[in-house]
Amino acid sequence: MINTNHFTVANNTNSHYQTATNTYNFVNRQSKELLVTIGESWTWGSDLEDRLKSVYGALVSDHLDCDWLNLGLPGIGNFFITHLAEQLGTMKFNYNKVRVICTFTEVGRQTDSQFDIDFNYNNWYLQNFTDYKDLYKLLHSMNLSCVERIVTALPDYEVVFGSNFVDPLGFENKNHINKSWVQLMSEQQGFLYSDYCYVMQHGVTHLENVKNMLPIADSDMKKWMIELLEGATRRIDVLSKRKFFKNLHPLEDGHRIWADACIEVFENG
């Protein structure tokens, strides 16, 4: 039995929850293998009618016939996902095998918070910035930092990376699903998929904090923010297709598609 209180739970400093709330779940199938899914609302299973049976983690763990720990917390960002993975790495298990799926979300959530203090924004700026277009490299570096920390924290586990409603970023040379969850859904369910998007409204709002940390001209920040918002608007149009999504979250068929992609990576590499 895994005590989910070992992990940082939702509260008013890290999420929209106003009081301390444990959103995590553990399903015991009496197995010697464990699946851990880490992510935000798409991993938690928001807007599913039978969440613990329909969410992709339940489907993957049922297919593998293993115990399942769902570290899903709606609204968190990739640095918090990394934080949870690092907490997972401090735990001692009696499992013969542990598999981990980290489903990343938009870059930028919780920028300039307690969860991204290990990312050196100033060093990045000194080494990379010449033009506002270089700020796109910042998004890649932020995600890559998270990926490297997770891999370091979980050296003995089989870790798979993926991306939910934004395009994959920073997963190079790591075991990952090379298309986003939404792109896979669009290919199999027949709706149109917009061009590249790495940040949505939450991420754009939080990324504005970059201007408080780095000496970037207001005009450069404004141009970047406008471009990010244009991409976010196109992606929200995709997620507003009510046949496939509810409140910008995938329905049961969408979770089956992502579960199949995760299973394929585990079984075929």
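Remark: pairs (first residue in segment 38-61, surrounded by fewer than 24 Cβ atoms within 10 Å (Cβ to Cβ); second residue of a type in the set (Asp, Glu) and assigned to a helix (DSSP H, G or I); Cβ separation under 7 Å; 6+ apart in sequence or on different chains) = LEU48/GLU252; SER54/GLU252.
If I ask for residues that are exposed (fewer than 12 other Cβ atoms within 10 Å of the Cβ) and part of a helix (DSSP H, G or I), which ones from segment 120-132 would you list?
Hits for segment 120-132 are ASN122, ASN123, LEU126, GLN127.
Per the listing GLY45, GLY75, the residue uniquely among the small types (Gly, Ala, Ser) and at pLDDT 95 or above is GLY45. Scanning segment 1-53 for residues that are of a type in the set (A, V, I, L, M) and closer than 18 Å to CYS66 by Cβ gives MET1, ILE2, VAL27, LEU34, LEU35, VAL36, ILE38, LEU52.
Does segment 62-75 contain any residue that is assigned to a helix (DSSP H, G or I), aliphatic (A, V, I, L, M) and closer than 17 Å to PHE115 by Cβ? No; the residues of segment 62-75 include none that is assigned to a helix (DSSP H, G or I), aliphatic (A, V, I, L, M) and closer than 17 Å to PHE115 by Cβ. Of everything in segment 186-220, what is assigned to a helix (DSSP H, G or I), within 17 Å of the chain's Cα centre (by Cα) and in contact (Cβ under 8 Å) with a residue 60 or more places away in the chain? Give them in sequence order. Of everything in segment 186-220, those that are assigned to a helix (DSSP H, G or I), within 17 Å of the chain's Cα centre (by Cα) and in contact (Cβ under 8 Å) with a residue 60 or more places away in the chain turn out to be HIS202, GLY203, VAL204, HIS206, LEU207. Annotation: LEU192 fulfils all but one of (1) surrounded by 14 or more Cβ atoms within 10 Å (Cβ to Cβ); (2) at pLDDT below 95; (3) over 23 Å from THR111 (Cβ atoms); the unmet one is (1).
Of the set (1) surrounded by fewer than 18 Cβ atoms within 10 Å (Cβ to Cβ); (2) outside any loop (DSSP other than H, G, I, E, B), all apply to ILE117 but (2).
When HIS6, HIS83, HIS16 are checked against the criterion of being of a type outside the set (Gly, Ala, Ser), exposed (fewer than 15 other Cβ atoms within 10 Å of the Cβ) and within 20 Å of VAL166 (Cβ to Cβ), a single residue qualifies: HIS16. Within segment 107-162, the set of residues being closer than 19 Å to GLU208 by Cβ, β-branched (Val, Ile, Thr) and without any contact (Cβ under 8 Å) to a residue 12 or more places away in the chain comprises just one member, ILE117. For beta carbons closer than 7 Å, sequence separation of 6+ or different chains, a first residue in segment 226-251 that is on the phi > 0 side of the Ramachandran plot and a second that is surrounded by fewer than 17 Cβ atoms within 10 Å (Cβ to Cβ) and among the hydroxyl-bearing types (Ser, Thr, Tyr), there are no qualifying pairs.
The values are calculated or read from the model by the stated rules, or taken from the named source; none is laboratory data. All values reported here derive from a predicted model rather than from experimental measurement. With ideal geometry, Cβ positions are generated from the backbone for all residues, glycine too; neighbour counts draw on all protein chains shown.
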